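Q: Before I ask anything, let me first share the structure, which is written out below as structure tokens.
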Amino acid sequence: MDSYSSWLNSFLVRFRLSANLFLSQFEPLALLLAPLLTLFIARLLHSLLSVIHEKGLKATVLALFMSSIKLVPGVQSYIDAEKQKVVDKLQSGSKSKREHWRTELPTTGLGVGVIEEMKDVKSNDADWKGKCSGTVYIGGSESEGHFSLINEASSMFAHTNPLHLDVFQSVARFEAEVVAMTADLLGSKEKASGGQVCGNMTSGGTESILLAVKTSRDYMKAKKGITRPEMIIAESAHSAYDKAAQYFNIKLRRVPVNKEFKADVKAIRKQINRKTILIVGSAPGYPHGIIDPIEELGKLADSYGICLHVDLCLGGFVLPFARKLGYPIPPFDFTVRGVTSISADVHKYGLAPKGTSVVLYRNHDIRKHQFVAVTEWSGGLYVSPTIAGSRPGGVIAGAWAAMMSLGQQGYLENTRKIMEVSKMIQKGIKEIPELFIIGNPDMTIVAFGSAVLDIFEVNDIMSGKGWHLNALQRPNSIHICVTLQHVPVVDAFLQDLREAVQTVKENPGPISGGLAPIYGAAGKMPDRGMVQDLLVNYMDGTC
């Protein structure tokens, strides 16, 4: 032992002498700065590798290249000027319309005369009856039938606020029953659900998704100690997940869809790591109306012990009834093992007033992480279930009235109509040789593109005929979300679509004032940051 200690001491002395002799060749200042420079370079490399890991090598190199180009004198100002031209075209004269908008209270109030002014302003709205993709889901005129019923129900409770449960017990009951009835449609009473499905009403699908993501984040932090959360979605998943990722500081991993335009389970599996809190499935996805493989995603989530949210914002009040009507609808609800939360919009095919959605959880242990409780506020003890504190009780009452007035038979009949119209539209599009349908739609959204025409030019022609369709990308296409408004006008839609295709075929090239060049340019623009800037500048000048 003594000989070993002597050897070790001798070695250390020789090493110190050799090191000092080697370092004596350098300036003391260089020796002082070298560790700091090394640390700086290491931090720089770490940041670069983090960006590459998050955005990919191609996107990172492109971003660096574009940043370098913008340093050239005059380039940035030129880009800004060109972007403004695009923004101005997107706004299509909205700035001039705003010139006459009020910027201060009238000196003397209008009293009941304000109703006449509102009618005058409303007369400038687009003719939405039967002409809009989605947007208005209730059939008929807004002054009669179901429209009139939910308007009366909403106005009866317009003064109420479910924040005050002790005062407005009626609205508290309406909300609880809307949640329970929606949960029943989505498998809450089936044995496989576990019998504890619970939830709350929200202001819309985006808030339902935001709450589901926030709840999953906090639940997985408590369950697994994940502090740097990540979630995985398909390209077809709703943009609300991007919003949730930004709001709640969650890294978002987006994977391509498969050849059938469904969420690619294998690709999602490859992205799962120890930081993953949530994966997402849509039933159906907004772009193409195609249901993701929820059962496979459920097995994946269950095997990794992570959350699975199913976006049923569009399908919640259609798929249960389509299945009863005999349509081949794959499993999508709480009967699927692994599903931890679901969002379903009542204000879409539930035919409720705008501003009503439901977020559901498999059990109370998960939902508790949705709530915010404050104990140290001088205003008292505070707890809130949703993002909003005060909420409009009128729309909750309107949702309850919609569901109670229609009942299962009413929803079955509505589903039969819109599914049949959807099939008619698919058949009509297939008969137009220049068009093709994206994938195999499962529900009431039909997306279509063209291999020989600019589909955005077709969309511009349809806009000129009064139709308001939705432009899509990857691949370039447009879609129509079928509602009860389309039942009486399906033949007119197909006739106008045939004429639009023929017009573009005979006269290729963007129409004056159309948006086809903008959508086309955005689709080809490799610098997605520039596209993002365009959208932000457009919104900043619009609202």
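Q: With the structure loaded, tell me whether residue 326 is open to solvent by 20 Å² or more (accessible area, probe 1.4 Å) and of a type outside the set (D, E, K, R) or whether it fails that test.
A: It is true that residue 326 is open to solvent by 20 Å² or more (accessible area, probe 1.4 Å) and of a type outside the set (D, E, K, R).
Q: Which one of these is at pLDDT below 95 and over 29 Å from the mean Cα position of the chain (by Cα): 470, 507?
A: 507
Q: Would you point out the residue of the stretch 354-376, among those that are closer than 23 Å to residue 154 by Cα and not in a strand (DSSP E or B), that is least open to solvent (accessible area, probe 1.4 Å)?
A: Top of the filtered list is 356.
Q: Also, I was wondering about something else. Which pairs have Cβ atoms under 6 Å, sit 6 or more apart or on different chains, and link a residue in the stretch 425-443 that is open to solvent by 100 Å² or more (accessible area, probe 1.4 Å) to one that is at pLDDT 95 or above and not polar (S, T, N, Q)?
A: Correct list of pairs: empty, since none qualify.
Q: With a cut-off of at least 2 residues that are open to solvent by 80 Å² or more (accessible area, probe 1.4 Å) and modelled with pLDDT of 75 or more, name the helices (runs of 4 or more DSSP H) lying wholly within the stretch 4-105.
A: Passing ranges, in order: 28-55.
Q: Name the residue that is farthest from residue 134 (Cα to Cα), counting only residues in the stretch 255-298 that are in contact with a Lys or Arg (Cβ under 7 Å, 6 or more places away or on another chain) and open to solvent by 10 Å² or more (accessible area, probe 1.4 Å).
A: It comes out as 275.
Q: Could you tell me whether residue 515 is surrounded by 15 or more Cβ atoms within 10 Å (Cβ to Cβ), modelled with pLDDT under 85 and within 19 Å of residue 133 (Cα to Cα)?
A: Yes; evaluated as a whole, the condition is true for this residue.
Q: Of (1) open to solvent by less than 70 Å² (accessible area, probe 1.4 Å); (2) more than 30 Å from residue 203 (Cβ to Cβ); (3) of a type outside the set (Val, Ile, Thr); (4) not in a strand (DSSP E or B), residue 448 satisfies all except one. Which?
A: Failing condition for residue 448: (4).
One line per residue, one yes/no per condition, for (1) over 28 Å from the mean Cα position of the chain (by Cα); (2) part of a loop (DSSP other than H, G, I, E, B); (3) of a type in the set (Phe, Trp, Tyr); (4) surrounded by 13 or more Cβ atoms within 10 Å (Cβ to Cβ):
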position	(1), (2), (3), (4)
130	no, yes, no, yes
143	yes, yes, no, no
155	yes, no, no, no
160	yes, yes, no, yes
166	yes, yes, no, no
184	no, no, no, yes
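Residue-wise test of (1) surrounded by fewer than 20 Cβ atoms within 10 Å (Cβ to Cβ); (2) touching a Leu at 6+ places or on another chain (Cβ under 8 Å); (3) among the polar types (S, T, N, Q).
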position: 378; (1), (2), (3): yes, no, yes
position: 381; (1), (2), (3): yes, no, no
position: 394; (1), (2), (3): no, no, no
position: 399; (1), (2), (3): no, no, no
position: 403; (1), (2), (3): no, no, no
position: 411; (1), (2), (3): no, no, no
position: 414; (1), (2), (3): no, yes, yes
position: 421; (1), (2), (3): no, no, no
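Q: Are there any pairs with C-beta distances below 7 angstrom linking a residue in the stretch 95-119 that is under 26 Å from residue 142 (Cβ atoms) to a residue that is of a type outside the set (A, V, I, L, M), with the two at least 6 apart or on different chains, and if so which?
A: 110/117
Q: Still on this model: Working carefully through the options 170, 188, 148, find the one that is in contact (Cβ under 8 Å) with a residue 12 or more places away in the chain, within 18 Å of residue 353 (Cβ to Cβ) and either in a helix (DSSP H, G or I) or open to solvent by less than 50 Å² (accessible area, probe 1.4 Å) (or both).
A: When all the criteria are applied, what remains is 170.
The values are calculated or read from the model by the stated rules, or taken from the named source; none is laboratory data. None of the values given here were measured: they were computed from a predicted structure. Positions of Cβ are backbone-derived with ideal geometry, glycine not excepted, and every protein chain shown enters the neighbour counts. Side chains are part of the model used for accessible areas, which takes the heavy atoms of the whole protein and leaves out ligands, DNA and RNA. Shrake-Rupley method; radii C 1.70, N 1.55, O 1.52, S 1.80 Å.
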